[in-house]
């Protein structure tokens, strides 16, 4: 990937509608406990924040790591500056999709197949050991999952790429 030669000065205004990103000082505390930070490639919110703040539009647009976020919100609990890293990730996803309607998020096939991106149902044994009930995930209700898949097939990005969902 070639490095972008010209920064987009106000990119942060397009991506971070909350305006909290300006308080980020890249301390990496948001990575504490983030399961996606161990991915390959890792989701490093601080790197995404930097790309937005530095106006590195092309590099940010090519990033797939925001789609690896598991929506656990641990980053928001940990952030000492209340930057709302999870919201930033959601805004980046929306910005990417808005600027390219043909973009196929890399996790969409998992979302279609399971109803979510991470194997949240695999912790049932641990939950039982702790005396907790299993999570009522969509994969435990075949009828709901089928309805969800039918709904996804009606969206333009999935319908245009239906070969990926066979």
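Each reported figure results from applying straightforward, stated rules to the coordinates on display, with no laboratory input. None of the values given here were measured: they were computed from a predicted structure. Here Cβ is always computed from backbone atoms with ideal geometry, including for glycine, and neighbour counts include all displayed protein chains.
Between residue 62 and residue 154, the modelled labels are 3.7 nm apart [label points 7 Å from Cα along Cα→Cβ].
Please give the calculated 222 nm ellipticity per residue for the chain, where each DSSP H segment of at least 4 residues contributes -39500 (n - 2.57) and the sum is spread over every residue; nearest 500 deg cm²/dmol?
Details: 9 runs with 69 residues, N = 166.
Computed ellipticity for the chain at 222 nm equals -11000 deg cm²/dmol.
The shape of segment 62-155 comes out oblate: with a ≥ b ≥ c from the C-alpha gyration tensor, a/c is at least 1.5 while a/b does not beat b/c.
Return one number: the angle in degrees, 0 to 90 and rounded to the nearest 10, between the long axis of the Cα atoms of helix 85-99 and the longest principal axis of the Cα atoms of the chain. Result, in degrees: 80.
Start at zero, step by 5 Å, and the Cα-Cα distances of segment 11-99 spread as 2, 16, 30, 27, 18, 5, 0 percent across the bins. Between 29, 137, 109, the residue with the greatest mean-square fluctuation in the GNM of the chain (Cα pairs under 10 Å linked by springs) is 137. Across segment 49-97, Cα-Cα pairs farther apart than 13 Å form 58% of the total. Seen from every direction in turn and averaged, the convex hull around the alpha carbons of segment 108-165 projects onto 4.0 nm².
Note on the chain: the alpha carbon radius of gyration divided by the globular reference 2.2 N^0.38 Å gives 1.15. Helix 142-153 against the longest principal axis of the chain: what's the angle in degrees, Cα atoms only, rounded to the nearest 10? With both axes taken from Cα atoms, the answer is about 40 degrees.
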